[in-house]
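Inspection log for the structure reproduced underneath, given as structure tokens.
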Amino acid sequence: MQIDLRILDPRIRACLPRPATSGSAGVDLRALLERPLTLEPGQTELVRTGLAIHIADPRYAALVLPRSGLGHKHGIVLGNLVGLIDSDYQGELMISAWNRSHAAFTIEPFERLAQLVIVPVVQPEFRVVDSFEKSSRGEGGFGSTGLS
Ligand SMILES: O=c1ccn([C@H]2C[C@H](O)[C@@H](COP(=O)(O)OP(=O)(O)OP(=O)(O)O)O2)c(=O)[nH]1
Ligand SMILES: [Mg+2]
């Protein structure tokens, strides 16, 4: 799928996001930093990417997700857990980097910090009703179907 992309900082031109393998679902986003950024345990910082995308088609959105290596090994995940990029958003893609670990971690300039995934979405149109047609689950949730 073709998506318009603006390069807001020329330094990022050399390493634009692209799928790492033919089957990659996400494209890595790099940290546009002037200098290494050390995140102390618990610290969250908004990190620039130097890029803007305009998805334009409301049937799609983008998700900003952690990279599993950084998240699992170093506890570098996202302050908003998952970032949602609206199809009409035209501003800079920003990454909320959260160090959820107990050790400081330094993000290097242009390091691949998170990943962007394009997903189909359906915009809801809510129809107010008095009751629902009964389903087999009904109101059961939060473990109502048991453990095994
Ligand atoms: O990790 C993220 C999350 C969001 N955004 C941008 C794109 C998104 O379309 C916009 C708004 O995000 P969201 O709707 O999640 O935030 P909000 O707090 O509801 O802000 P708003 O009132 O602007 O919608 O911010 C990012 O750049 N990175
Ligand atoms: Mg919003």
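The values are calculated or read from the model by the stated rules, or taken from the named source; none is laboratory data. Computed from a predicted model, the values in this text were never measured in an experiment. Every residue, glycine as well, gets a Cβ built from its backbone with ideal geometry; the counts of neighbours run over all protein chains shown. For the accessible areas, the whole protein counts, side chains as well, though only heavy atoms, and no ligand, DNA or RNA atoms are used. Shrake-Rupley method; radii C 1.70, N 1.55, O 1.52, S 1.80 Å.
How much length, in nm to one decimal, is gained on full extension between A20 and A103, taken as 0.36 nm per residue of separation minus their Cα-Cα distance?
Difference between extended and current length: 27.0 nm.
Counting only heavy atoms of protein chains, what accessible area per residue, in Å², does the chain have with a probe of 1.4 Å?
Accessible surface, normalised per residue, equals 70 Å².
Quick one: net charge of P58's neighbours, Cβ under 11 Å, K/R +1, D/E -1?
So the surrounding residues net to -2.
Hey, rough spin-label estimate for R6 and E139, points 7 angstrom out along Cα→Cβ, what's it come to in nanometres?
That separation, rounded to one decimal, is 4.9 nm.
Loop-only check: which GluC sites (Glu not before Pro) in the range 90-148 are DSSP coil with at most 14 other Cβ within 10 angstrom?
Answer in residue order: E125, E133, E139.
Let me know the longest stretch in the chain that avoids all trypsin sites (Lys or Arg not before Pro) found in a DSSP loop with at most 15 other C-beta atoms within 10 Å.
Counting at most 15 other Cβ atoms within 10 Å as exposed, the longest clean stretch of the chain is 60-126.
Amide H neighbours of Q115 under 5 Å, counting only residues 5+ apart in sequence or on other chains, H built in-plane at 1.01 Å?
L29, L65, R67
Using the Cα gyration tensor of the chain, with a ≥ b ≥ c the square roots of its eigenvalues, what is the shape: rounded (a/c below 1.5), prolate (a/b larger than b/c) or oblate (neither)?
oblate
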